[in-house]
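Below: the structure, in structure tokens.
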Amino acid sequence: MTCKERILSDEYADIITDYVLPEGLLKENQLDYCLQTIDDEFGIAYVRRQQLPPLSIGGFNYAAIPNLYGLMQTFQTESLAEVGNLRVQGPPLALQGRGVIIGFIDTGIRYDMDVFRDENGGSRILSIWDQTIQDGEPPEGFLFGTEYTREEINRALQSEQPRNIVPSTDENGHGTAMASVAAGSILNQGLTFWGAAPQADIAVVKLKEAKTYLRQYYLVADDAVAYQENDIMEAVKYLDSMAVVFQRPVVIVLGIGTNMGDHAGSSPLASYLNKIAAKRSRAVVVCGGNEGDKEHHYSAEVPKQVEIRVEENTKGFCMELWGNQIDIYSVVLRTPGGEMTSAVDFRNGQDRMFSFLFDRTRIYTGLSLVEKRSGNELVFFRFENPTPGIWSIIVYPSEQEGIRGSGRFHIWLPITSFIDGGVTFLEPNPEVTLTEPSNAEQVITMSTYNGKTGSWFPESGRGFMSNGMVKPDLAAPGVQVSTVLGPRTGSSMAAAIAAGCVAQFMEWAIVDGYAPFGESNATKSYLIRGAVRENNISYPDNRWGYGKLNITGTFEALSRT
């Protein structure tokens, strides 16, 4: 079996390694495997599942199991002027993203649409890596999917049957909408759409959907769009390489997210994004998600009884309880019918399964006293066939250890699209609801507001991070944003607008040479200087960050220095 076949097969587990895994270790254990290197720290091992223990926190460390990420859009059916973008597009600055590449990691792109062509009718898309198509050549250094170059895309555009030459497309439309907002362009009198950086070049990764075994492990709804963390990391690596191949600055934008993780930026994906964002001529823009009002976050100090409402027809769900590095907790589970489990103690480090006499539910818990990357305590819960009603989780200090720190803990339910029924906390906390990987320190994290009314978008994720660090960085419009596919709402739209503004800034800074060594953190600082701030809000704010994005304000601030 080839490495590509192992990567694509559901019979092989994808394991994220945070060190360069020596092949001798796998060979000594006579494992059926292949390896893909991300960089000098991260790699992916694809190993036959039959040769591994059952998927669990106890059998693997938490970070080794790829998290699943979903699209950050809502399903409601004008914003560039609001962020000062149109003013900067015109003279005297005339910044339209020229010489900058904006890279999208999403559902693909409808490359044959006019908004992605230049003034001569050729494609502005430098390349598409479609991870879902396996009958062509993958990009150099990668092992699966098919890469389509600009030359191939242009040849397809000249054909009466373009899909026969480049079969990649975007069935969902999410990636196409984001690309049009960030980099769409007017080309003729019949087309009136204009994106934030209409002269930027475009690179696209169409992600393959998550393997079945991982969807089952995380109990993801059957109709949910879900992508694997390791595939996203490979997509980031691919787009990062564009800066070297084309000798141009690159803006990577992510309109996807997850509720799983410690919400302090310690995941493999967040850590890898930090490394990319710290490079010269790179910037990473990440949406903050739409989980602010979904009642999927809980936070309190022990002892506390946490109550969860589970609606009818919910097949199952996961959730994560995160403590801190000092305290040691125990938990007791109580069914809607009143049955209670024995205490689950963090210290034993063992996975547990609970069944009940009068209840068909099974609950699996994975325990980690010291989660490898964050150092914090973690309990991972899987509820299979949960009985409708009010479930209780009683969290209290370990009798032997007591409380040495604050005693505070957080619990997160999955993002809304991953749950096939309704699961919510009775006493939710709307704070610390930014989705991962937007808590990565170096990236530019965007929250969302309504550009027409100036009001906060209630669904937008809120900060700060679980460790108290400041996120989000800025806010941008994301409600009823005009896209080539019609109005779209969600934090991914805010990220797309911000990515276009970042491309404008990088054109000035790097292409035009005014600040040639720019990277994501420096770009973020310039954007913060120009942000619009209200007198009645103290900044940084856990909703607005350092204010509303305004690229015109950034250049006005520069003119005063």
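The values are calculated or read from the model by the stated rules, or taken from the named source; none is laboratory data. What you see is a predicted model; the values in this text were computed from it and never measured. Heads up, the Cβs are rebuilt from the backbone with ideal geometry, glycines too, and the neighbour counts pull from every protein chain shown. Please note that ligands, DNA and RNA were not included when accessible areas were found on the heavy atoms of the full protein model with its side chains. Shrake-Rupley method; radii C 1.70, N 1.55, O 1.52, S 1.80 Å.
Points worth noting:
- Qualifying residue in the range 176-190 (condition: open to solvent by 10 Å² or more (accessible area, probe 1.4 Å) and under 19 Å from the mean Cα position of the chain (by Cα)): no
- In a residue-by-residue description of the range 122-143, the property of being over 22 Å from Phe246 (Cα atoms), surrounded by fewer than 23 Cβ atoms within 10 Å (Cβ to Cβ) and aromatic (Phe, Trp, Tyr) applies to no position.
- Which numbered condition Asn521 misses (of (1) in a loop (DSSP other than H, G, I, E, B); (2) among the polar types (S, T, N, Q); (3) within 23 Å of the chain's Cα centre (by Cα)): (1)
- Residues in the range 524-536 that are in a loop (DSSP other than H, G, I, E, B) and surrounded by 15 or more Cβ atoms within 10 Å (Cβ to Cβ) were compared, and the one that is nearest to the chain's Cα centre (by Cα) is Ala531.
- Just so you know, in the range 506-536 the residues that are among the hydrophobic types (A, V, I, L, M, F, W, C) and in contact with a Gly (Cβ under 8 Å, 6 or more places away or on another chain) include one that is farthest from Met469 (Cα to Cα), and it is Val511.
- Yes/no for Ser520 being open to solvent by less than 40 Å² (accessible area, probe 1.4 Å) and touching a His at 6+ places or on another chain (Cβ under 8 Å): no
- Qualifying positions in the range 222-255 - more than 18 Å from the chain's Cα centre (by Cα) and under 29 Å from Leu413 (Cα atoms): Asp222, Asp223
- The residue of the range 212-228 that is most open to solvent (accessible area, probe 1.4 Å), among those that are over 12 Å from Gly70 (Cβ atoms) and modelled with pLDDT of 95 or more, is Gln216.
- Among residues of the range 275-300 that are within 25 Å of Val251 (Cα to Cα) and open to solvent by less than 10 Å² (accessible area, probe 1.4 Å), those with a beta-carbon under 6 Å from a residue that is β-branched (Val, Ile, Thr) and in a loop (DSSP other than H, G, I, E, B) at least six positions away or on a different chain give the pairs Ala277/Val443; Val284/Val443; Val286/Val443; Gly289/Thr435.
- In the range 422-458, the qualifying residues are those that are in a loop (DSSP other than H, G, I, E, B) and among the acidic types (Asp, Glu), and the one that is least open to solvent (accessible area, probe 1.4 Å) is Glu431.
- For Gly461: the one exception among (1) modelled with pLDDT of 95 or more; (2) of a type outside the set (Asp, Glu); (3) within 30 Å of Ala300 (Cβ to Cβ); (4) surrounded by fewer than 19 Cβ atoms within 10 Å (Cβ to Cβ): (4)
- From the list Leu413, Leu369, the one residue that fits, being touching a Gly at 6+ places or on another chain (Cβ under 7 Å) and among the aliphatic types (A, V, I, L, M), is Leu369.
- Tally of residues being outside any loop (DSSP other than H, G, I, E, B) and either open to solvent by 10 Å² or more (accessible area, probe 1.4 Å) or charged (D, E, K, R) (or both) across the range 105-121: 3
- From Ala509, Ala499, residue being out of contact with any strand residue (DSSP E or B) (no Cβ under 6 Å at 6 or more places or on another chain) and either under 28 Å from Lys275 (Cβ atoms) or not in a loop (DSSP other than H, G, I, E, B) (or both): Ala509
- Residue within the range 309-318 that is closer than 22 Å to Ser374 by Cα and modelled with pLDDT of 95 or more present: yes
- If you go through the range 309-319 and keep only what is open to solvent by less than 80 Å² (accessible area, probe 1.4 Å) and either within 25 Å of Ser491 (Cβ to Cβ) or assigned to a loop (DSSP other than H, G, I, E, B) (or both), you end up with Thr314, Phe317, Cys318, Met319.
- Taken over the range 245-264, residues that are of a type in the set (Gly, Ala, Ser) and open to solvent by 10 Å² or more (accessible area, probe 1.4 Å) amount to 1.
- Single condition Tyr46 does not satisfy, out of (1) open to solvent by 20 Å² or more (accessible area, probe 1.4 Å); (2) in contact with a Phe, Trp or Tyr (Cβ under 9 Å, 6 or more places away or on another chain); (3) aromatic (Phe, Trp, Tyr): (1)
- In the set Gly468, Gly451, Gly490, only one residue is within 16 Å of Arg543 (Cα to Cα) and either of a type in the set (S, T, N, Q) or under 17 Å from the mean Cα position of the chain (by Cα) (or both); that residue is Gly490.
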